[in-house]
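Take a look at the structure below.
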Amino acid sequence: MKAEMEALRQRACAQISAATDEPTLQQVRVTFLGKKGELTAILRGMKDLTAQERPVIGALANTVRAELETQLASRLAELKAQALAARLATERLDITLPGKPARRGHLHPLTRVNRLIQDVFMKMGYTVADGPEIESDYYNFQCLNFPPDHPARDMQDSFYITDSILLRTHTSPVQARTMQAHEPNTPIRIISPGKVFRWDYDATHSPVFHQVEGLLIDRQIAFSDLKGTIEHFCREIFGADTKVRFRASFFPFTEPSAEVDILFRTRHTRGGAVDTQDNWLEILGCGMVHPNVLRLNGYDPDVMNGFAFGMGVERIAMLLYGIDDLRLFYENDLRFLAQF
Ligand code: PHE
């Protein structure tokens, strides 16, 4: 019986060390120590032993059982450690690898230019005023000294909603709204950026575009104040040596009126040769606020006067960035937008 037990111990030990995964090890346990296992079978046979042999064999059986339990436990721990090591080797995370870069967006070029323009005027003490895009004929034209049926209305092909309501054709109605919102004869210094709408569509005209309006009202404002302000603005945006030209013009709401051009250098590269060409390019309209406009909006032209200007943001952005088709701004093509 002793020999049988020893043989069993050796077979069990061999199978335990040979087991390479947990289910196999579990199977070995059942084979030897389970209810119907081999060691259990031997113990069951003890009833046939003599009273002398029984305690000796019983003690031996307990020793063998304990030894097998220990071996099973340590083999199990070994297998678990091996499995963990294998997982760590294959599932290793290399935290030194560079991350996936997040794609960063940026402001639309028109927004950038709009902010550049606003910054220049805010440094000169202007505040920003706002007005509606759907406007009445009253504010868009009448308050600005456009009489009904005046031919100057045709300069701005309009989108009418009803006979008296339209999409504003310029930001100038904010001039009238601002004057009317102030106590009569109080000084004003505002700019008003926003969308405007005209019935036009080609490489340099879009039915929706952006303007920045400016209005300054005070006492004894001279044309030279307007000129200095506009020249300062042009040099801030286009560079300190920018040449600026005032050309006489007409707007119903300013008198005298002017259009302002800057001398702009365009570079063409043709087969390696660089061609530069200087052109006067119009960037804004301006003038001294017409006395009728002051009167129509509650100001006394004998006490107060001022100047106004209005510029196209797209035009300025095109010059700044060398863009020759304004429609590019609205196509949302990332190949274009990513260049700014
Ligand atoms: N509102 C004019 C336009 O859109 C521009 C302008 C504004 C001219 C203010 C003079 C004074 O053409």
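The values are calculated or read from the model by the stated rules, or taken from the named source; none is laboratory data. Treat the numbers as computed from the prediction; the structure is a model and nothing was measured. Heads up, the Cβs are rebuilt from the backbone with ideal geometry, glycines too, and the neighbour counts pull from every protein chain shown.
Quickly run through region 309-332 and pick out the residues that are small (Gly, Ala, Ser) and either in contact with a helix residue (DSSP H, G or I) (Cβ under 6 Å, 6 or more places away or on another chain) or away from the ligand (no atom under 14 Å from the Cβ) (or both).
Let us first name the residues in region 309-332 that are small (Gly, Ala, Ser), namely 310, 312, 317, 322.
Ala317, Gly322, listed by residue number.
Would you confirm whether or not region 271-285 contains a residue that is surrounded by 14 or more Cβ atoms within 10 Å (Cβ to Cβ), closer than 22 Å to Ile117 by Cβ and touching a residue at least 60 places away in the same chain (Cβ under 8 Å)?
no
Does any residue of region 219-228 turn out to be of a type in the set (S, T, N, Q), in contact with a strand residue (DSSP E or B) (Cβ under 8 Å, 6 or more places away or on another chain), surrounded by 14 or more Cβ atoms within 10 Å (Cβ to Cβ) and modelled with pLDDT of 95 or more? Break it down into steps so the answer makes sense when it comes.
First, the residues of region 219-228 that are of a type in the set (S, T, N, Q): 220, 224.
With the extra rule that they be in contact with a strand residue (DSSP E or B) (Cβ under 8 Å, 6 or more places away or on another chain), the set shrinks to 220.
Add one more test, that the residue is surrounded by 14 or more Cβ atoms within 10 Å (Cβ to Cβ), and what stays is none.
No, that holds for no residue.
Looking at the structure I just gave you, is Phe250 in contact (Cβ under 8 Å) with a residue 40 or more places away in the chain, among the aromatic types (Phe, Trp, Tyr), surrounded by fewer than 15 Cβ atoms within 10 Å (Cβ to Cβ) and within 16 Å of the ligand (Cβ to nearest atom)?
Spelling it out, Phe250 is indeed in contact (Cβ under 8 Å) with a residue 40 or more places away in the chain, among the aromatic types (Phe, Trp, Tyr), surrounded by fewer than 15 Cβ atoms within 10 Å (Cβ to Cβ) and within 16 Å of the ligand (Cβ to nearest atom).
Among the residues of region 1-50 satisfying the criterion of being within 60 Å of the chain's Cα centre (by Cα) and of a type in the set (Val, Ile, Thr), which is surrounded by the most Cβ atoms within 10 Å (Cβ to Cβ)?
Among them, the one singled out is Thr24.
Just to check your reading of the model, which residue among Leu88, Leu116, Leu110 is touching a Phe, Trp or Tyr at 6+ places or on another chain (Cβ under 6 Å) and hydrophobic (A, V, I, L, M, F, W, C)?
The unique qualifying residue is Leu110.
Select, from Arg168, Arg75, Arg112, Arg189, the only residue that is touching a strand residue (DSSP E or B) at 6+ places or on another chain (Cβ under 9 Å), in contact (Cβ under 8 Å) with a residue 40 or more places away in the chain and among the basic types (Lys, Arg).
Answer to the selection: Arg189.
Do we have any residue at all in region 36-50 that's under 25 Å from Glu78 (Cβ atoms) and part of a helix (DSSP H, G or I)?
Yes, because at least one residue in region 36-50 is under 25 Å from Glu78 (Cβ atoms) and part of a helix (DSSP H, G or I).
Mind listing just one residue for me: the one in region 1-21 that is in a helix (DSSP H, G or I) and touching a residue at least 40 places away in the same chain (Cβ under 8 Å) and, of those, farthest from Glu78 (Cα to Cα)? Before you say what the answer is, go through the steps one by one.
Just the residues of region 1-21 that are in a helix (DSSP H, G or I), to begin with: 2-18.
Next, from what is left, pick out any that are touching a residue at least 40 places away in the same chain (Cβ under 8 Å): 2, 5, 8-9, 12-13, 16-17.
Values: Lys2: 30, Met5: 26, Leu8: 23, Arg9: 20, Ala12: 17, Cys13: 15, Ile16: 11, Ser17: 10 Å.
Taking the candidates together, the pick is Lys2.
Looking at (1) surrounded by 13 or more Cβ atoms within 10 Å (Cβ to Cβ); (2) at pLDDT 95 or above, can you tell me which one Lys123 breaks?
Checking Lys123 against (1) surrounded by 13 or more Cβ atoms within 10 Å (Cβ to Cβ); (2) at pLDDT 95 or above, the one that fails is (1).
Residue by residue, here is whether (1) over 25 Å from Ile217 (Cα atoms); (2) of a type in the set (Gly, Ala, Ser); (3) modelled with pLDDT of 95 or more holds:
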| position | (1), (2), (3) |
| --- | --- |
| Cys143 | no, no, yes |
| Asp149 | yes, no, no |
| Ala152 | no, yes, no |
| Asp157 | yes, no, no |
| Thr162 | yes, no, no |
| Thr169 | no, no, yes |
| Gln175 | no, no, yes |
| Met179 | no, no, yes |
| Asn185 | no, no, yes |
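Consider only pairs whose beta carbons are under 6 Å apart and that are at least six residues apart or on different chains; among these, list those whose first residue lies in region 142-163 and is within 19 Å of Leu296 (Cβ to Cβ) and whose second residue is at pLDDT below 80.
Phe146/Ala152; Phe146/Arg153
I need every pair where a residue in region 204-218 that is farther than 20 Å from Thr111 by Cβ has its Cβ under 7 Å from the Cβ of a residue that is modelled with pLDDT of 95 or more and within 11 Å of the ligand (Cβ to nearest atom), sequence separation at least 6 or different chains.
Leu215/Gln175; Leu215/Gly306; Leu215/Ala308; Leu216/Gly306; Leu216/Phe307; Ile217/Val289; Ile217/Gly306; Asp218/Gly306
Would you check if Ile230 is part of a helix (DSSP H, G or I), within 16 Å of the ligand (Cβ to nearest atom) and touching a residue at least 40 places away in the same chain (Cβ under 8 Å)?
On the way: part of a helix (DSSP H, G or I): yes; within 16 Å of the ligand (Cβ to nearest atom): yes; touching a residue at least 40 places away in the same chain (Cβ under 8 Å): yes.
So Ile230 fits the description; yes.
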